[in-house]
1. So, R0 is 25 Å and r is the distance between the beta-carbons of Lys118 and Ala93; what FRET efficiency does that work out to, to 0.05?
2. Arrange Cys42, Cys199 by Cβ neighbour counts within 10 Å, fewest through most, would you?
3. Can you sort Tyr110, Tyr61, Tyr245 from fewest to most other Cβ atoms within 10 Å of each residue's own Cβ?
4. Quick one: dipole size for the chain, taken about the Cα centre, charges +1 on Lys/Arg Cβ and -1 on Asp/Glu Cβ, in debye to the nearest 20.
5. Checking the cross-link filter: which lysines have an alpha carbon closer than 21 Å to that of Lys264, excluding same-chain neighbours under 8 positions apart?
6. Would you mind calculating the gained length between Glu24 and Asp184 on full extension (0.36 nm times residue separation, minus the Cα-Cα distance), in nm to one decimal?
7. Net charge near Val290: determine it from the other residues with C-beta under 12 Å of the C-beta of Val290, scoring Lys and Arg +1 and Asp and Glu -1.
8. Extension gain Ala129-Ser169, at 0.36 nm per residue separation less the Cα-Cα distance, in nm?
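Coordinate-derived values only; no laboratory data. Computed from a predicted structure; not experimentally measured. When we count neighbours, we look across all protein chains shown, and the Cβ atoms used for this are built from the backbone with ideal geometry, even at glycine.
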Amino acid sequence: MSVNPAKQTELESLLAISSGLNSEQGNERFKAIMHQLLSDLCQTIRKFDITDEEFWLAVNYLNELGERKEAALLAAGLGLEHYLDMRADEKEAAAGLDVGTPRTIEGPLYVAGAPLSKQFARMDDGSEAGEPMWLYGQVTDLQGQPVAGAIVDIWHANTLGGYSFFDQSQSEYHLRRRVETGADGRYAVRSIVPYGYGCPPDGPTQKLLNQLGRHGNRPAHVHFFVSAPGYKHLTTQINLNGDAYLWDDFAFATREELIADPVKITDDKLAKERDIHQPHTEVSFNFTLVESAQAGEENRIKRARVME
Ligand SMILES: [Fe+2]
């Protein structure tokens, strides 16, 4: 794209050149997006009369964000990851497509390659004195028929709200498992009841949230990828009902259809059948998958992930 320099203001000329609009090289879509971003940024600088000190504070903040690897956490905290879900929902609704279990954000703390087993897994290593949790459910299609061979990839925080790998004090793949459903579409795991996550208090995400007068907490939740051949990949989470942050999630992931009611089990016989042998919490959640119509829909979106 070429631009006539005689018809441009000094700022327009600067932005056209800096975003490569005068060049035959580069990527046209990327150039157009950069041009819009830079124009919006300059407009913001002008509107708020941003000082040099404020500008360099912001530039340094980007360095801090990168050093602490918190850019994806900030994207969730600013609601941008949720905005992607809103757009995906809108597109499905506009196209009149069937919707199964609603999607919600992946967040930045997934680790690929968790141990895989059939129908059942124990997720915790027994090192924490947390409340045992029996989490189970069924994967079905829109007609309610069981989906056999679905992979239910589950990850959640420990009793301090920390995730293994990112919290090096936990064992490898602690509270991360993949379970393949049987012919009945069912999955079950034994784990411990997760606690809510909070942003690292000394990190750049929390620093920014403080300036907005916002907290960086999430309600107790469990993440899922649910996938099966012939079905659209599902990225979702369940939130545990009763948590103080249920409707005040800093990452905007809570959805009405994704709230699970924890049930206290005191029945000795049931506890014995589950090999738990003590009172525990039961959480039940079923998933409905939608048949895929296009190539690629069976797979999760590409993004940088640990071990992937
Ligand atoms: Fe999480």
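1. That gives a FRET efficiency of 0.10.
2. Taking fewest neighbouring Cβ atoms as first place, the list is Cys42, Cys199.
3. With the fewest neighbours first, Tyr110, Tyr61, Tyr245 line up as Tyr61, Tyr245, Tyr110.
4. Dipole about the Cα centre, nearest 20: 400 debye.
5. Candidates past the 8-residue exclusion: Lys272.
6. 51.8 nm
7. -4
8. Between Ala129 and Ser169, full extension yields an extra 12.9 nm.
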